[in-house]
């Protein structure tokens, strides 16, 4: 949420504005899964209306009026675990009880 100001959610007014916003924020963000399912923030923004509680609070206006994504980071994230691979260690722990 915007620090020291009023929170106003940001929603692109059209596809071009959305493409510009995502090129500025999402395409450079380490949180985005560029080869998989995509960013959950992006998906929630596309799936929900701006007045719904599920709409991402990360997309908001700064106090100066520019749109931002407060979750943006360039720090690498840990490699996600493959969803199609069983968790052998939990299974082994369960078998020993």
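None of the figures in this text is laboratory data; all of them are computed from the coordinates on show. Since the structure is predicted, the reported quantities are computational estimates derived from the model, not experimental observations. Virtual Cβ from ideal backbone geometry, glycine too; neighbours counted across all protein chains shown.
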FRET efficiency for residue 63 and residue 43, Cβ-Cβ distance as r, R0 = 30 Å, nearest 0.05?
-> 0.65
If you take the beta carbon distance between residue 7 and residue 85 as r and set R0 to 30 Å, what does 1/(1 + (r/R0)^6) give as a FRET efficiency, to the nearest 0.05?
-> 0.15
